[in-house]
Amino acid sequence: MATEFKTSWLTSTNDKGEYIRKPSAFRHQIVSSSNTSNTSSTEFIAENNRYHLYVSYACPWAHRTLIMRALKGLEDVITVNVVDPLLETGGWKFNDKPLFEGSTLDEVNGKQYLREIYVMSEPDYVGNITVPVLFDKKTKKIVNNESSEIIRILNSQFNDFCKTDEERKLDFYPESLRTKIDELNDWIYPFINNGVYRCGFAKSQEAYDDAFDKLFEHLDKVEDILSKNRYLVGDQFTEADIRLFTTLIRFDPVYVLHFKTNLRRIIDYPNIYEYMKEIYQMERIKETTNMKQIKYHYMASHKTINPLGIIAKGPHLDLDTPHKRGHLAKK
């Protein structure tokens, strides 16, 4: 298991040196108990305090799930443990002496490594060990480790347990906007979310150049959209914005230097930068963002990129200054 993990991002490349992300392995769904027509077809029913998230503050995919959990007011419904930010030979580790505030022990299963949770769920598992993980405390099984599916589960299937009516009514994947959201996700994911990794983990100049060009082509596309719209689909904040935000917030502090995505910074995009600030300042989102763990993880863990593990101190970004997006508010 440790060997498979140790080489995961180093071996996930093709003959051209292009980084190819492996698909998530666990893709079960959770169904609301209110949806009686579907509960008979799944062993995973939404219940209070039954499910648990294993996350890393550093990981943009896990960050999505923390944001959705917070916005829907599910902090007391779905418990969380946070792995140590340093990714070593054994993989994601739970640490009783965390390098940074926020990391925890495994308070559900008492394991030392996240890979032990994967093996508990599937004894013959030999794939990558990734976060986030949505775990069922009742059956001792991983339900899902695909962040895009986890955020939709949290968005819709736990409404019975939201603390307030306002949280219950929040819908970040509304039916009327699903086509637009899906169309955005279809290019933001490969060219921006995963595009920064395709730059950073490329093993050839050709692969890097291609990923780099596509990344900035599509960031320019986002800048154009946000010059006209408050959010990606218009006036409504949706999952598309959450998915993009977790990449944007890491871009200038990490990706520009560490992944060599240095054509332009996010601060150089007037509309994207103010949009990122607006989202960061939204109630409950700022508290899900741990920049110390983000920077430490990337720069200390990826020794093939940064062999000495020296953590860059900059840049200074004042994300609490008033954003300039109000003029695009719905009239």
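A few notes on this one:
- Count of region 69-122 residues which are of a type in the set (S, T, N, Q), in contact with an Asp or Glu (Cβ under 6 Å, 6 or more places away or on another chain) and free of Cβ contacts under 8 Å to residues at least 24 places away in the same chain: 1
- Residues of region 266-308 classified as assigned to a loop (DSSP other than H, G, I, E, B) and either closer than 15 Å to residue 246 by Cα or touching a His at 6+ places or on another chain (Cβ under 9 Å) (or both), total: 8
- Entirely in region 163-253, the helices (runs of 4 or more DSSP H) that have 1 or more residues that are in contact with a Cys (Cβ under 9 Å, 6 or more places away or on another chain): 165-169, 205-226, 239-250
- Some residue of region 136-146 being assigned to a helix (DSSP H, G or I) and either more than 30 Å from residue 226 (Cα to Cα) or over 21 Å from the mean Cα position of the chain (by Cα) (or both): no
- Scope region 72-110; condition at pLDDT 95 or above and either outside the structural domain of residue 157 (by TED's automatic domain parsing) or assigned to a strand (DSSP E or B) (or both); matching residues: 79, 80, 81, 82, 93, 103
- Near pairs, Cβ below 9 angstrom, 6+ apart or cross-chain, from region 281-306 (outside the structural domain of residue 95 (by TED's automatic domain parsing) and closer than 15 Å to residue 255 by Cα) to any residue that is among the acidic types (Asp, Glu) and exposed (fewer than 15 other Cβ atoms within 10 Å of the Cβ): 292/101; 293/101
- The residues of region 197-214 that are surrounded by fewer than 22 Cβ atoms within 10 Å (Cβ to Cβ) and either under 19 Å from the mean Cα position of the chain (by Cα) or not assigned by TED's automatic domain parsing to the domain that holds residue 284 (or both), listed by number, are 197, 200.
- Filter pass, residue 240 being at pLDDT 95 or above, in the same structural domain as residue 202 (by TED's automatic domain parsing) and over 23 Å from residue 148 (Cβ atoms): no
The values are calculated or read from the model by the stated rules, or taken from the named source; none is laboratory data. These figures come from a predicted structure and were not determined experimentally. Cβ: placed from backbone, ideal geometry, glycine included. Neighbour counts: every protein chain shown.
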